[in-house]
Amino acid sequence: GINTSGNVIAANFEANPGGQNFPISGTNAITNNVWHHAAANFDGTTWKLYLNGNLENTSTPGAVPRSDTIQRAALGAMITSTGTALGRFEGVIDEARVWNYARTASEIQASKNAEVTSGSGLVARWGLNEGAGATVGDSLSTPANGTIIGSGYVWTTGFVPPVPGNLPP
């Protein structure tokens, strides 16, 4: 997500046991109207947040994410456990991916400007290339397709990687 206090990237997980939340926020303000790559990972000990392939912040919460949560997953919105959206991202999203391990800084850096359609440990991938409709397809062999909730969305051309030598920091 985006922490509006400072306009920085943010992520959060709910711990097991107890349900305590462990938010983390970046340090560098996000520039509007510029493509950014965001990544969050947790290796069982350290919670890490990356912006444009660069480590923004770390935390050692001393807890692990819940495996039995009823919290819903969302791209571009925070959805409550009852399905209510609490705001929406006002921007363009492309190439959302979920991995079953904490990727290294080198792996994140190497793929931040690429369309990744397969790979060891890749468990979900939404390229957001549909161009129409309200279904967001997961392109992997065991798909976890999604549905756009709400109105006012527009399909647009996805991310075009910058020319080598002109990559964002």
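Can you tell which of GLY146, ALA132, ALA77 lies farthest toward the positive end of the dipole of the chain, using +1 and -1 charges on the Cβ of basic and acidic side chains (Lys, Arg; Asp, Glu)?
ALA77
For ASP138, what residues show an amide H to amide H distance below 5 Å, using hydrogens built from the backbone and excluding near sequence neighbours?
ALA144, ASN145, GLY146
For the chain, with all protein chains present and a 1.4 Å probe, just round the carbon and sulfur fraction of the accessible area to a whole percent. Walk me through the intermediate numbers first.
On the way: 5390 of 10340 Å².
Carbon and sulfur: 52 percent of the exposed surface of the chain.
Once you sort the root eigenvalues of the Cα gyration tensor of segment 42-97 as a ≥ b ≥ c, which label holds: rounded (a/c under 1.5), prolate (a/b larger than b/c) or oblate (the other case)? Show your work: numbers first, answer last.
Numbers: a/c = 2.45, a/b = 1.17, b/c = 2.10.
Judged from the Cα gyration tensor, segment 42-97 comes out oblate (a/c at least 1.5, b/c at or above a/b).
Classify segment 1-44 as rounded, prolate or oblate from the Cα gyration tensor: take a ≥ b ≥ c as the square roots of its eigenvalues, call it rounded if a/c is under 1.5, otherwise prolate when a/b beats b/c and oblate if not. Please report the intermediate quantities before stating the final value.
Numbers: a/c = 3.50, a/b = 2.11, b/c = 1.66.
Cα axes put segment 1-44 in the prolate bin.
Compute the accessible area per residue over segment 1-44, keeping the other protein chains in place, probe 1.4 Å, unit Å². Kindly include the intermediate steps, with their values, before the conclusion.
Numbers: 2630 Å² over 44 residues.
Normalised by residue count, the accessible surface of segment 1-44 is 60 Å².
For LEU86 and HIS36, what is the calculated FRET efficiency with R₀ set at 25 Å and r taken between the beta-carbons, to the nearest 0.05? It would help to have the intermediate numbers written out before the result.
Working: r = 22 Å, r/R0 = 0.87.
E(calc), rounded to 0.05, equals 0.70.
Accessible area of THR27, 1.4 Å probe, to the nearest 10 Å²?
Its accessible surface works out to 90 Å², give or take rounding.
In what order, largest first, do PHE22, PHE159, PHE89 sit by accessible area if the probe radius is 1.4 Å?
On the way: PHE22 35, PHE159 55, PHE89 90 Å².
Largest to smallest exposure gives the sequence PHE89, PHE159, PHE22.
Which length gain, in nm to one decimal place, applies between THR4 and ARG72 when the Cα-Cα distance is subtracted from 0.36 nm times their residue separation? Don't skip to the answer; put the middle values down first.
Numbers: separation 68, 0.36 × 68 = 24.48 nm, distance 2.14 nm.
Separation in residues times 0.36 nm, less the Cα-Cα distance, equals 22.3 nm.
When a/c is below 1.5 the answer is rounded, else prolate if a/b is larger than b/c, else oblate, so apply that to segment 1-94 with a ≥ b ≥ c taken from the square roots of the Cα gyration tensor eigenvalues. Mind dumping the intermediate values first?
On the way: a/c = 2.20, a/b = 1.23, b/c = 1.78.
Oblate shape, in that a/c is at least 1.5 and b/c is the bigger or equal ratio.
Go ahead and run the numbers for FRET between TRP155 and ALA63, Cβ-Cβ distance against an R0 of 35 Å, rounding to 0.05. All intermediate terms of the calculation are to be shown ahead of the outcome.
Numbers: r = 39 Å, r/R0 = 1.10.
According to the calculation, E is roughly 0.35.
May I have the convex hull volume per residue, in Å³, for the Cα set of the chain?
Details: hull volume 22.3 nm³, N = 169.
Taking the convex hull of the Cα positions in the chain, it is 132 Å³ per residue.
Mind grabbing the accessible area of SER141 for me, 1.4 Å probe, Å², rounded to tens?
For SER141, the solvent-accessible surface is approximately 120 Å².
Could you go through segment 9-18 in sequence order and give the Karplus-derived ³J(HN,Hα) for each residue, using 6.51 cos²θ - 1.76 cosθ + 1.60 with θ = phi - 60°, rounded to whole Hz, and x for Gly and Pro?
3J(HN,Hα) across segment 9-18, in whole Hz: 5, 8, 8, 7, 9, 9, 8, 10, x, x.
The values are calculated or read from the model by the stated rules, or taken from the named source; none is laboratory data. Given the structure is predicted, the values throughout are model-derived calculations rather than measurements. Positions of Cβ are backbone-derived with ideal geometry, glycine not excepted, and every protein chain shown enters the neighbour counts. SASA here: full protein model, heavy atoms, side chains in, ligands and nucleic acids out. Shrake-Rupley method; radii C 1.70, N 1.55, O 1.52, S 1.80 Å.
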